[in-house]
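Participant: My questions all concern the structure below.
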C-alpha cells in the first residue's frame, strides 16, 4: 500500500503537539493533586483528553 510522504514540517508539528499535550496532562494532574475537591468527570477529562491527543499525535509523528 502506498503512503504519501508527510514532510518534515507536518511531522515536527505533530511531535510538538504530542509534547505539549503530555505536558498539559501532567500540569492538569498536578492541579488535581493540589485541589482534590473536583468531581470525577472533570478529573477524567483533564487527564484523558490531552493524553489521548498526545498519544495519537506522537504515533503519527513518528510513523509518518
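Any read-out appearing in this document is the output of simple, stated calculations on the displayed coordinates, not a laboratory observation. Given the structure is predicted, the values throughout are model-derived calculations rather than measurements. Neighbour counts run over all protein chains shown; Cβ positions are idealised from the backbone, glycine included.
Participant: Residue separation times 0.36 nm, minus the C-alpha to C-alpha distance between residue 39 and residue 23: what's the value?
Facilitator: Length gained between residue 39 and residue 23: 3.6 nm.
Participant: A further question on this structure: Against the longest principal axis of the chain, how steep is helix 40-63, in degrees 0 to 90 to the nearest 10, with axes from Cα atoms?
Facilitator: 20 degrees
Participant: Contact order normalised by length for the chain, with contacts defined as Cα pairs under 8 Å and 6 or more residues apart; what percent is it?
Facilitator: Once divided by the residue count of the chain, the mean separation gives 55 percent.
Participant: How many nm is it between the label spots at residue 16 and residue 62, if each spot is 7 Å from the Cα in line with the beta carbon?
Facilitator: The answer from the label model is 2.1 nm.
Participant: Using helices alone, what [θ] at 222 nm do you get for the chain, with -39,500 (n - 2.57) per DSSP H run of 4 or more residues, divided over all residues and rounded to the nearest 500? Could you put the intermediate results ahead of the total?
Facilitator: Numbers: 2 runs with 51 residues, N = 64.
Helix-only estimate at 222 nm: -28500 deg cm²/dmol.
Participant: Along its principal axes, what span do the Cα atoms of the chain show, with the longest given first and each in whole Å?
Facilitator: If we take the Cα atoms of the chain, the spans are 50, 20, 10 Å.
Participant: By count of other Cβ within 10 Å, fewest leading, how are 19, 46 ordered?
Facilitator: By the 10 Å Cβ count, ascending: 19, 46.
Participant: Now, a different point. Once the Cα atoms of helix 8-34 and of the chain are each reduced to a long axis, what angle between those two axes, in degrees from 0 to 90 to the nearest 10, is obtained?
Facilitator: 10 degrees
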